[in-house]
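Everything below concerns the one structure shown next.
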Amino acid sequence: MSASKRTATITLDGKTIDLPVHHGTTGPDVVDIRKLYAEGDVFTFDPGFTSTAACESGITYIDGDAGELLYRGYPIEQLAEQSSHLEVCYLLLYGELPTPAQLADFEGRVTRHTMVHEQMHYFFRGFRRDSHPMATMVGVVGAMSAFYHDSLDINDPWQREVAAIRMIAKLPTIAAMAYKYSIGQPFVYPKNSLDYASNFLHMCFAVPCEEYVVKPALAKAMDRIMMLHADHEQNASTSTVRLAGSSGANPFACIAAGIACLWGPAHGGANQACLEMLREIGTVDRIPEFIRRAKDKNDSFRLMGFGHRVYKNFDPRAKVMKESADEVLGLLGIENNETLKVAKELERIALEDEYFVSKKLYPNVDFYSGIILEAMGFPTSMFTPIFALSRTVGWISQWKEMIADPAQKIGRPRQLYVGPTRRDYIAIGAR
Ligand code: ACO
């Protein structure tokens, strides 16, 4: 961050306070309000953080008006076309694209950490079989801190690094185990001969009694889904990870907190909710009824997979996802899938509707991802766990960035208190 020549001036009860304005490398400047309380005896009020930058970060940049997403400066479309998820993981974690030797070393390290402690298998067995895989993941990822004691010291850069590799490597294994457990099939161990995405598909769909060969085109689509979800600057779950980490909590606990936040339907849970909505709509002729409901202020129904806090234009990830949906369904010979037809028609109608146009509501990443995942054979309950395992690298990169920042402080928002003022206790018999 660098100081700009601009200053923001605020006048309170005749007292003038000058607030410095800082530049980033791109994007809006920020007014630095850190001395406002000390000098002005007021807080700022911004529930939902619509105008508040909570940290400095050099990882991901979004221009919501232009519909642009950059990981370490590289446009998501170029990465989706030319890169791989593990290369993107390296980029997010270390800041630069790897050389071939660096990538091979990184892939080797991740691959060799994909197995989980054998005792964890028993931990899984404590859950009810009908648990949502996200419920299992929140518990199991939090419990990793009980299994990997040698990567809990957040002040040791080496331990932070080991924790990062462990989580990137093991989250697909844990998600696949949560799935297998929920359908009553045996866990499938990771296979080091497979790439990251193929390994995940194999752990989900293989059974011990027969050979399962992963289709390369499906592995490529899976890899792309992972890459498109890898990071998204200071979204709700990432901010949750940072806030949990700001107290010095261990990295596994912080990622478990992020997974819990991601689960909500306004965030990562939207992919499951979106596919369920498309199924409920069922046929193209029922779309107007749902559009009407989405616009009705007295109806809590929202068009899932539409709208975004930051994007006021097309979510660039949704564009890539739409292409992938066409490719995958074409490959599987189900391009006439009714859900895809409903999705495309719903998108077309909403993009022409005055309500959605005026509010700048466009399809987001979740609008098409569920269609691809369903075509691959995943139940809707696995959509958000797949988002979680893909976002793990973003969470851990942001957590590492925060811990390494010497200016880092515990996150502690203030409030506008509207409760009762001081009053005296009344004995129970006198109430
Ligand atoms: N359907 C209908 N109306 C909508 C929708 C929608 N999907 N999204 C927003 N609106 C309307 C709101 O009712 C509001 O209208 P108003 O100004 O008349 O009150 C206006 O658009 C602004 O919406 P807010 O909720 O204030 O916007 P916010 O930035 O807080 O919410 C959010 C963004 C949560 C993503 C919202 O658009 C939404 O609920 N979308 C559906 C869920 C979804 O797809 N979430 C995934 C987000 S992407 C991700 O997490 C990976």
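Taking amide hydrogens as placed 1.01 Å from N in the peptide plane, the amide H of L19 sits under 5 Å from those of A8, T9, I10, each at least 5 positions away in sequence or on another chain. Legend: Rg and Dmax of region 27-67, from Cα coordinates, 13.0, 39 Å. Seen from all sides and averaged, what is the projected area of the convex hull of the Cα atoms in region 371-420, in nm²? Value for region 371-420: 7.1 nm². With all pairs of separate Cα atoms included, region 88-181 yields a Kirkwood hydrodynamic radius of 14.5 Å. Let me see the P(r) profile for region 235-369: every Cα-Cα distance counted, bins of 5 Å, each bin given as a percent of all pairs. Taking all Cα pairs of region 235-369, the binned fractions are 2, 10, 17, 20, 18, 12, 9, 6, 4, 1, 0 percent. Over all orientations, region 249-300 has a Cα convex hull whose mean projected area works out to 4.7 square nanometres.
At q = 0.13 Å⁻¹, what is the log10 ratio I(q)/I(0) for region 176-314, with the Debye formula run over Cα points and no solvent? Once normalised to I(0) and log-transformed, intensities are -0.86. Normalising the Debye intensity of region 134-210 to I(0), with uniform scatterers on Cα atoms only, and taking log10 at q = 0.24 Å⁻¹ returns -1.11. In percent, rounded to a whole number, the relative contact order of region 1-55 is 25, using alpha-carbon pairs under 8 Å and six or more apart.
Accessible area per residue for region 328-431 is 53 Å², calculated with a 1.4 Å probe on protein heavy atoms, without ligands, DNA or RNA.
Pairs to check: K170/K312; K170/K220; K191/K220. Give those whose C-alpha atoms are more than 26 Å from each other in this structure.
Details: K170/K312 35 Å; K170/K220 20 Å; K191/K220 17 Å.
Listed pairs above 26 Å: K170/K312.
Using only Cα atoms, find the angle between the long axis of helix 236-246 and the longest principal axis of the chain, and express it within 0 to 90 degrees, rounded to the nearest 10. Approximately 70 degrees, to the nearest 10. Based on Cα contacts under 8 Å between residues 6+ apart, region 1-141 shows a relative contact order of 10 percent. At the listed q of 0.23 Å⁻¹, the Debye profile of region 1-95, built from one uniform point per Cα, gives log10 I(q)/I(0) equal to -1.22. Summing charges over all other residues whose Cβ lies under 14 Å from the Cβ of T173, with Lys and Arg as +1 and Asp and Glu as -1, gives +4.
For region 362-431 versus region 256-326, the spacing of their alpha-carbon centroids is 18 Å. Among 125-137, 258-270, sorting by the average number of other beta carbon atoms lying within 10 angstrom of each residue, highest first, gives 258-270, 125-137. For region 281-289, the Karplus equation 6.51 cos²θ - 1.76 cosθ + 1.60, evaluated at θ = phi - 60°, returns couplings of 4, x, 9, 4, 5, 8, 4, x, 4 Hz by residue, with Gly and Pro reported as x. The spread of Cα positions in region 204-262, taken along each principal axis and listed from longest to shortest, comes to 48, 25, 15 Å.
For region 123-128, the Karplus equation 6.51 cos²θ - 1.76 cosθ + 1.60, evaluated at θ = phi - 60°, returns couplings of 4, 4, 5, x, 7, 5 Hz by residue, with Gly and Pro reported as x. Highest mean packing first, where packing is the average number of other Cβ atoms within 10 Å per residue, the peptides 74-80, 228-234 line up as 228-234, 74-80. Averaging over all projection directions, the Cα-based convex hull of region 305-351 occupies 3.4 nm² in the image plane.
Can you tell me the length gained on complete extension of the stretch E276 to W158, counting 0.36 nm per residue apart and subtracting the Cα distance?
Numbers: separation 118, 0.36 × 118 = 42.48 nm, distance 4.31 nm.
Using 0.36 nm per residue and subtracting the Cα-Cα distance, I get 38.2 nm.
If you take the Cα centroid of region 1-40 and the Cα centroid of region 204-238, the two points sit 44 Å apart.
Listed highest first by mean packing, meaning other Cβ atoms within 10 Å per residue, what order do 377-388, 303-314 come in? Could you put the intermediate results ahead of the total?
Values: 377-388: 22.4, 303-314: 20.2.
Ranked by mean Cβ neighbours within 10 Å, highest first: 377-388, 303-314.
The label-point distance for R431 and R128, in a model that sets each label 7 Å from Cα toward Cβ, rounds to 3.4 nm.
Compared with the dominant Cα axis of the chain, that is its longest principal axis, helix 251-262 is turned about 90°.
Given R0 = 35 Å, the distance between the Cβ atoms of D32 and K312 translates into a calculated FRET efficiency of 0.85. With contacts taken as Cα pairs under 8 Å and at least 6 residues apart, region 92-181 reaches a relative contact order of 41 percent. Beyond 17 Å, how much of the Cα-Cα pair distribution for region 174-234 remains, as a whole percent? Of the Cα pairs, 44 percent sit more than 17 Å apart. Relative to the longest principal axis of the Cα atoms of the chain, helix 157-182 runs at roughly 50 degrees.
In terms of overall dimensions, region 316-431 has a Cα radius of gyration and Dmax of 24.0, 75 angstrom.
With the full set of protein chains in place, find how many percent of the accessible area of the chain is carbon and sulfur; take the probe as 1.4 Å.
53
Per residue, the Cα convex hull of region 106-150 amounts to 93 Å³. Its Cα gyration tensor gives region 271-325 an equivalent ellipsoid. The semi-axes, each the square root of 5 times an eigenvalue, are 21, 16, 10 Å from largest down.
Taking the inverse of the average 1/r across all pairs of different Cα atoms in the chain, what Kirkwood radius in Å do you get?
Radius from the Kirkwood sum: 23.4 Å.
Full extension of the chain between D326 and A407 yields a length gain of 24.5 nm, computed as 0.36 nm times the residue separation minus the alpha carbon distance.
The values are calculated or read from the model by the stated rules, or taken from the named source; none is laboratory data. Bear in mind that the values here come from a model prediction, so they are computed numbers and not experimental data. So basically every Cβ, Gly included, is an ideal-geometry build from the backbone, and we count neighbours across all protein chains shown. Just so you know, the surface numbers come from the protein's heavy atoms only, side chains and all, with ligands and any DNA or RNA stripped out. Shrake-Rupley method; radii C 1.70, N 1.55, O 1.52, S 1.80 Å.
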